[in-house]
Structures are given as structure tokens and as C-alpha cells.
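What follows is one structure encoded as C-alpha cells, with my remarks underneath.
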Amino acid sequence: MGDTVVKMGEIAKAGVTETYRGTDLVRIAGTDRAGETVKAAGLCGDIGRKRSAKPDHVSRRGTNRRQRIIAVCGVKNSGKTTLLARLVEELAKRGMKVAVMKHDGHDFTCDIEGTDSHRLKEAGAYGTAVFSDSRIFVHKTGTGERAEDLLAMFPEADLIFLEGMKDSTYPKIEIIRKGISGIPVSNPQGRFLIVTDTDRAEYEEEAVGFEDIERIIHKILMLPENGGTTGYERDENR
């Protein structure tokens, strides 16, 4: 859908280098290191002539053992993308490499009509990929992938945000916006913070305002690191 490209573009402008959304597999990534190996949805390519060694904290499976994985959830139009863009911008200023994966409960449009890749996909290609020395785009028809299946696509990330995933057990922030929602609707397992413009005293758990970006980041960085896998139960929210 049209707002898919707009919202993910908003996050990318804030400083995120890698994004993923939903049923079709999409990776748009920028890299300044020649030799990065790209493995996305079964399509593999090496950027640069030589393959660089992975840092010690990146496992053979591609999962960064130091990653933090946080879901940012809330009902539709609660402000998830807006908050994520602010968080990404601040974290990028601190030198952190951040990726965002967005869950979509419906279908969506990701390629640009008129491009060669779009034309070939529409012709019936199972998948398409475009790459240069600094950017990668992979579009593949999904086969029931879950969030944790895609985490290994971002081994370099210090932190991965999942937009949506309210029913999962990942550590999560829920957004409650006046006039949009009134009570938490996410799985309480893993929920460590509520961000709201309503009366914070109404909640039994910690709640902060949308303007409290420093407090939100502090809470995120206080979370334990990943340890090599998601460290949580497989979620049923696709």
C-alpha cells in the first residue's frame, strides 16, 4: 500500500540503514564496508571483491550476540512509526547501527512501478534483487516467514526494532494515544514500558510521555543483550 513506502522512508531518513516489512521479503540496506556478504531470502551476493571477516560478536548463523531486539506496538494510527523515527535518529547519533522490521497483517507494495525489478516481478519472477556497491534491494514472495527467521539478515545491527508484533513475547514498548486507544492491548509478557499522552497515573506499570525520548532510550539500553538467538519463545504473530 502507498503508506508502506512513506512510513518506511520516514524511518530510513532518520538514520536506519536496514528495513524489512511483512509477507514479501524486502531488504534495503546501505553499507560503507566493502566485502560485506549479503544473504537475503536465498539470494546471495558479495559486495566488493573480498569477503571481510565477521566481528567476534557475530555468530556463524549471522546473529549478533550483542543485539537487543525490541518490539514497538500499538493499535493502528497510535504513532508507532513516528516514535520509531525519533528513536532511530537519536540512536544513530550515538553511533549505533539500527535495523527496523515492520510486520504487516495485509499485503503491501514495496517496489516502484516502472523499474526493471518491478517489471520482472510482475512478469512472474519468484524473486528479484538489485545491488550496487552501497545498496541492496531484495524482493521475494514470502513462504510463511516469521520475525525470528529474518533477524539473521541484520548481523551488523546493534539493535533491531520490530514495528508491530503486539502478541509476541519480545521485549516491547506499547503506545497508547488519546482518542485512539485507552488500555494496553499487547501481550504483557515482555512489555517493559508504555508511551502515552494520557494520564500516566492510570497505569500500574511504568509509563512515559512521547517527549521522554531520553528515558525511553535509557530503558532500551538497560535491557539484556541478545545472547546469540532471540532468547524468547517463537511467536505466533505473523
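The values are calculated or read from the model by the stated rules, or taken from the named source; none is laboratory data. All figures in this text were calculated on a predicted structure; none of them were measured in a lab. Reconstructed Cβ throughout: ideal geometry from the backbone, glycine too, with neighbour counts over all protein chains shown.
Side notes on the structure shown:
- Strands (runs of 3 or more DSSP E) contained in the stretch 147-201 and holding at least 2 residues of a type in the set (V, I, T) and modelled with pLDDT of 95 or more: 172-176, 191-196
- Residues in the stretch 124-160 that are surrounded by 16 or more Cβ atoms within 10 Å (Cβ to Cβ) and under 16 Å from D111 (Cα atoms): G127, T128, A129, F131, I136, F137, V138, H139, K140.
- All positions within the stretch 75-122 that are assigned to a loop (DSSP other than H, G, I, E, B) and either farther than 26 Å from E145 by Cβ or modelled with pLDDT of 85 or more (or both): V75, K76, N77, S78, G79, R94, G95, M96, K97, E113, G114, T115
- Cβ pairs under 6 Å, 6+ apart, first in the stretch 123-140 and farther than 19 Å from F154 by Cβ and of a type in the set (S, T, N, Q), second assigned to a strand (DSSP E or B) and at pLDDT below 90: T128/H139
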